């Protein structure tokens, strides 16, 4: 990692992590206030489950399609500008949600929200990695993940209470104000880590868009293990995306919980993620990222099937806590493998953005499928079907583990072979 400038410059870059943690704590809290109950809100204004699936598909698609070029763009123009634009889009979309109940306009608004999220993710991960020495990056990412998870816990726990007391419209306005404060923090206090190239914004955007797909294909063709990881995560994402949008709606319609209880169920899910994040990181270091990711996929299928048979508030709470703990295994293992496989010729944001985009694109239609299953078969159908699809992801992960063990075995044989 290249640090330029005097000691004051280096300290300023170290301070990026604190600013990012505070800013994204605010942004994630704002988003969780309404995103955790989005399917319930869409249902309350008259959208059927198929329409809900379609709207959420558009949001997911816009985010996933943005990941790939946004990572490359961040490597060319720096980290701060994509973050500012991404946050501005999220803030604007949240504001517009308070003024419309028209399904096409909601879909358009959520597409803008998805693009903003897609601009944020590769840039913020690269910014953190470049703001601290390698020996401190683990704690930096842990701090960022804990801040956003804590925000999700608070936001989702408050969501039901606030909706019950002030209504959805005021929730959107509150979220807009909080998101705007996050954008202000980034503008005034983030110190750029990479200046990017001297090319114009227009040429940088054009190059990022036109080279994103071909660059991703070349990256995967040149690395078998990375292709196996991508296959596993694509299947995993598809399965989870079938059922994920309907978690709160299941709690509301199938278990017949009050809106405050629905918010608490989602909050407990995030609590599970929060309390298990550090142990999951240690598990990744001790057991290996591949084995940890395998366990996550296997046990997440079981937990979602259990959620589908939940009949009470207590059962839903217990299942969500377990799934949060299982879910915490995902990101430390996933990011560790991605960084391990990163090509030295590609920027950090490029690798993260390319893989996240591919994974998301595969799951674009999944919420729509979940909505159709919900409408045609029953409330539990998206959870059973999504769990079954998710289980298939263990096959490429087994091959990935086998490849790693074969390489280790070959390395040991070479290490102990007699020299001539």
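Data overview
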{"read-out": "Matching entry among 248, 241 (being closer than 16 Å to residue 389 by Cβ and buried (at least 24 other Cβ atoms within 10 Å of the Cβ))", "value": "241"}
{"read-out": "Checklist (1) modelled with pLDDT of 90 or more; (2) surrounded by fewer than 21 Cβ atoms within 10 Å (Cβ to Cβ); (3) farther than 29 Å from residue 221 by Cβ applied to residue 307, failing item", "value": "(2)"}
{"read-out": "Residues that are over 20 Å from residue 143 (Cα atoms) and within 18 Å of the chain's Cα centre (by Cα), drawn from the stretch 269-291", "value": "none"}
{"read-out": "Flag for residue 311 being assigned to a loop (DSSP other than H, G, I, E, B) and farther than 23 Å from residue 155 by Cα", "value": "yes"}
{"read-out": "Test: residue in the stretch 7-16 that is part of a helix (DSSP H, G or I) and modelled with pLDDT of 85 or more", "value": "yes"}
{"read-out": "Single condition residue 367 does not satisfy, out of (1) within 24 Å of residue 40 (Cβ to Cβ); (2) surrounded by fewer than 24 Cβ atoms within 10 Å (Cβ to Cβ); (3) modelled with pLDDT under 95", "value": "(2)"}
{"read-out": "Residue 260 assigned to a helix (DSSP H, G or I), surrounded by fewer than 18 Cβ atoms within 10 Å (Cβ to Cβ) and in contact (Cβ under 8 Å) with a residue 40 or more places away in the chain", "value": "yes"}
{"read-out": "Members of the stretch 281-293 found to be surrounded by fewer than 22 Cβ atoms within 10 Å (Cβ to Cβ) and either at pLDDT 90 or above or in a helix (DSSP H, G or I) (or both), listed by number", "value": "282, 283, 285, 286, 287, 291"}
{"read-out": "Residue in the stretch 22-42 that is at pLDDT below 85 and either over 27 Å from residue 109 (Cβ atoms) or part of a helix (DSSP H, G or I) (or both) present", "value": "no"}
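The values are calculated or read from the model by the stated rules, or taken from the named source; none is laboratory data. Nothing here was measured: the structure is a model prediction, and the numbers come from that model. Every residue, glycine as well, gets a Cβ built from its backbone with ideal geometry; the counts of neighbours run over all protein chains shown.
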